[in-house]
Amino acid sequence: MQKPREGTQWYEVAVGSDQYHEPPDELPAQTRTFARLCASLTEEAEAIGWYEQRLAVETDPEAKAIMRDAQSEEFKHFSQVLEALLRRSPLWRTLAQGILFKEGDIVEHAEEVEEEAIHGGGGGGESGALGIGSLKGRAL
């Protein structure tokens, strides 16, 4: 590391490894990509929330229209990242398909799809296995 010039300071800069809970160089490339997509999903969700707050208090119609348009872009980005993640995780996709866009009780749908996807509909059994075999043949 070079010594800073007189009158300057060093600042620590995050280099993107703060999203990992294991040493990044020990993780396979596909796991690092998955982690980056998860971080992107979080960032898009935060941006959606920030626009929601701004829209709630903004009174200028032109500014509000611009913010609403910007928020819709964040909705699109969130959806793209979510789809990319779901394509990489068949179990997550199965669980999401059992919950998303369904009328009725969200928690009830989640419990039902979890029972089927994780436990194979048979209550889980003694083995504690994830029941991934129950996903065979499903359209993912």
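None of the figures in this text is laboratory data; all of them are computed from the coordinates on show. Just so it is clear, the model here is predicted, and its values are computed rather than measured. Note that each Cβ is placed from the backbone with ideal geometry, even for glycine, and that neighbours are counted across all protein chains shown.
When the chain is fully extended, how far beyond the present Cα-Cα distance does Thr59 get from Arg32, taking 0.36 nm per residue of separation? All intermediate terms of the calculation are to be shown ahead of the outcome.
On the way: separation 27, 0.36 × 27 = 9.72 nm, distance 4.23 nm.
Extra length from Thr59 to Arg32 when fully extended: 5.5 nm.
For the range 26-88, what is the relative contact order in percent, using Cα pairs closer than 8 Å and at least 6 residues apart in sequence? Present the calculation step by step, with values, prior to reporting the outcome.
On the way: 33 pairs, mean separation 30.1, N = 63.
Rounded, it is 48 percent for the range 26-88.
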Practice task
Give me Rg over Rh for the range 26-88, both radii from the alpha carbons and Rh done the Kirkwood way, two decimal places.
Solution key: 1.16
Practice task
Could you pull out the chymotrypsin sites (Phe, Trp or Tyr not before Pro) across the range 61-108 that fall in loop regions by DSSP (anything but H, G, I, E, B) with no more than 11 other Cβ atoms inside 10 Å?
Solution key: Phe101
Handout entry: Per DSSP, loop GluC sites (Glu not before Pro) in the range 23-121 with at most 11 further Cβ within 10 Å
Key = Glu103
Exercise for the section: Please report Arg87, Arg32 as a ranked list, fewest other C-beta atoms within 10 angstrom at the top and most at the bottom. Expected result: Arg87, Arg32
Exercise for the section: Kindly put Tyr20, Tyr51 in sequence by how many other C-beta atoms sit within 10 Å of each C-beta, fewest to most. Expected result: Tyr20, Tyr51
Exercise for the section: Choose one of Gln53, Gln80, Ala29: the residue whose Cα lies farthest towards the positive end of the charge dipole of the range 26-88 (beta-carbon charges +1 Lys, Arg; -1 Asp, Glu; about the Cα centre). Expected result: Ala29
